[in-house]
Each structure stands twice: as C-alpha cells, then as structure tokens.
Amino acid sequence: MTVYGVGLGPGDGELVTVKGKRVLKDAEIVYSPGRLSRSVALEYVDESKIGDLDFPMTRDPEELRSAWKEAAEAVAAQAREKDVAFVTLGDPNVYSTFGHLRRTLDTFHPDVDLEVVPGVSAMTAFATALGVEIESGTGLALREAANGAAPTGPDRMVLFKVTDAPTTYEKLTEAGYDVRFGRRLFMEQGETIVTDDPEEIDERDYYTLAYAERDGLERDLATVKFDVDEGAETDGDAAAESEGSA
C-alpha cells in the first residue's frame with residue numbers, strides 16, 4: 001500500500017489535478033494538516049474518510065519532532081493495509097508540511113511506499129493572478145518575507161508569507177524594486193486581493209505573497225515590442241486599403 005502526498009493547488013477545488021482527484025477518491029483515509037486543505041479535500045471525499053492528526057502550533061523543535069513521529073506512526077500503520085493520502089495546499093514539495101511527514105516516514109518507516117502527486121503552487125499561480133509573464137531565460141528567486149523582511153539582490157523575486165506588507169514594500173521600493181501583492185490567490189476561502197498598494201493589505205495574513213522586480217528591467221525578447229517602420233503598413237492598414245479599392 002502507499003502514502004500519497006497530494007498537492008491541492010492554491011485553494012480552488014477546480015484547480016486540483018485530475019490525478020489528484022482520482023487519488024483522493026481511491027484513498028481509504030485522507031489526512032489534512034489544516035482547515036483550508038481539509039475544505040478543498042472535502043469537495044472530493046466524504047468527511048468520514050478524513051483522518052485526524054495532531055499538529056501543535058509551536059516552533060519548539062523537540063515538540064515538532066515528537067508530533068511528527070506520532071503522525072508518521074499513525075499514517076504508516078494505516079498505509080501497511082490500505083492506500084492513504086496526505087493533502088496539502090500548493091505542491092507537496094514546495095514550502096509544504098508534507099516534507100516533514102516524508103522525512104519522518106523515510107527515517108522510521110522505510111518500508112512504507114511514498115508517491116507525490118504534484119499540485120499548482122503559489123510560485124506559478126501568482127504569475128497568472130498578477131498578470132506577470134515569467135519568460136524564457138528569466139531568473140526568479142523565491143524568498144520568505146515574514147514580519148516586514150525585504151530580501152534584495154535578484155532582479156525578480158517571489159516573496160512568500162508577507163505578513164507586514166507596508167514595511168516590506170517600503171524597504172523594497174527604497175532598494176529600487178517595483179512591488180505588487182497578491183493575497184489568497186485562487187482561494188475559495190477569504191477575499192482574493194491583487195494590488196500595488198500595501199495599505200490595502202496591511203493586516204497580517206499568512207497567505208500573502210509579493211512579486212518584486214527591479215525598476216527599469218529590460219526584457220531582451222524579439223516580441224516584447226514590435227517596431228513598425230514609419231509609414232509601413234500594418235496588417236490592419238493593408239486590409240482597410242484592400243477593402244477600399246474593391
């Protein structure tokens with residue numbers, strides 16, 4: 001039997017992959033680390049299939065290790081007899097709690113088979129939501145920016161966990177970046193906000209990200225700008241002329 005780490009995407013049930021839906025429906029138990037991922041999973045499985053695990057709200061390493069050992073023990077016991085799934089928002093291998101479960105299972109229960117089902121992550125969903133094109137050859141850095149942090153250096157960055165948007169914005173603009181924010185992108189829970197005004201999202205929300213790009217950054221692509229020689233006909237001009245002479 002197998003433990004499946006299933007990425008649910010950013011929070012919209014319609015953005016769960018076809019394979020993810022199939023795995024959820026076939027699994028006999030579905031574990032969820034939080035309320036939001038649970039609500040998405042419930043769009044595809046009955047509540048009776050949801051398993052309970054205890055995840056304490058702490059940063060104490062010893063408490064966390066103890067909690068994950070207990071969680072892995074419970075999951076492994078079930079997985080030796082049936083297929084089970086552990087769901088997470090985004091992708092299981094990108095800023096996800098699934099990594100803790102995978103490492104713990106690998107260490108203490110190496111006989112349990114693991115399979116990851118990818119999901120749409122925030123680092124790709126943001127581009128669509130914010131209308132940003134990450135074109136071929138682009139360098140893009142991923143950083144965390146909790147509590148007003150504002151890492152600098154790369155020309156383009158996606159910043160996760162932006163919990164003090166005004167402070168992060170001020171620091172980044174002073175460092176020469178254009179900044180846009182997205183909150184609860186493609187989530188069915190809560191209000192989705194896309195803005196370049198940090199005051200619109202000044203309250204703390206873990207599900208806030210920012211896209212920062214250096215001012216005046218040039219894109220060396222053939223189609224960034226089509227230069228039309230002065231006096232040259234565009235397709236539209238040519239069509240109009242043809243109709244007029246017909």
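The values are calculated or read from the model by the stated rules, or taken from the named source; none is laboratory data. Just so it is clear, the model here is predicted, and its values are computed rather than measured. With ideal geometry, Cβ positions are generated from the backbone for all residues, glycine too; neighbour counts draw on all protein chains shown. We work out accessible area using only protein heavy atoms, side chains counted, and drop any ligands, DNA or RNA first. Shrake-Rupley method; radii C 1.70, N 1.55, O 1.52, S 1.80 Å.
Checked against the criterion of being under 19 Å from residue 168 (Cα atoms) and of a type in the set (Asp, Glu), the candidates 199, 191 yield just one match: 199. Residue check: residue 98 meets all listed conditions (1) among the hydrophobic types (A, V, I, L, M, F, W, C); (2) touching a strand residue (DSSP E or B) at 6+ places or on another chain (Cβ under 7 Å); (3) open to solvent by 30 Å² or more (accessible area, probe 1.4 Å) but one, namely (3). Does residue 70 satisfy being acidic (Asp, Glu) and either within 13 Å of residue 5 (Cβ to Cβ) or out of contact with any Gly (no Cβ under 9 Å at 6 or more places or on another chain) (or both)? Yes; evaluated as a whole, the condition is true for this residue. The residues in segment 5-47 that are surrounded by fewer than 16 Cβ atoms within 10 Å (Cβ to Cβ), in a helix (DSSP H, G or I), over 19 Å from the mean Cα position of the chain (by Cα) and touching a residue at least 40 places away in the same chain (Cβ under 8 Å) can be counted, and the count is 1. The set of residues in segment 142-172 that are more than 20 Å from residue 203 (Cβ to Cβ), β-branched (Val, Ile, Thr) and in contact with a strand residue (DSSP E or B) (Cβ under 7 Å, 6 or more places away or on another chain) contains only 158.
Can you tell me which condition residue 152 does not meet? The list is (1) among the β-branched types (Val, Ile, Thr); (2) open to solvent by less than 30 Å² (accessible area, probe 1.4 Å); (3) out of contact with any Gly (no Cβ under 7 Å at 6 or more places or on another chain), and all the others hold. Result: residue 152 passes all but (2). With respect to (1) touching a helix residue (DSSP H, G or I) at 6+ places or on another chain (Cβ under 8 Å); (2) not in a strand (DSSP E or B), the lone exception for residue 128 is condition (1).
Only one of the numbered conditions (1) assigned to a strand (DSSP E or B); (2) modelled with pLDDT under 90 is violated by residue 216, and that is (1).
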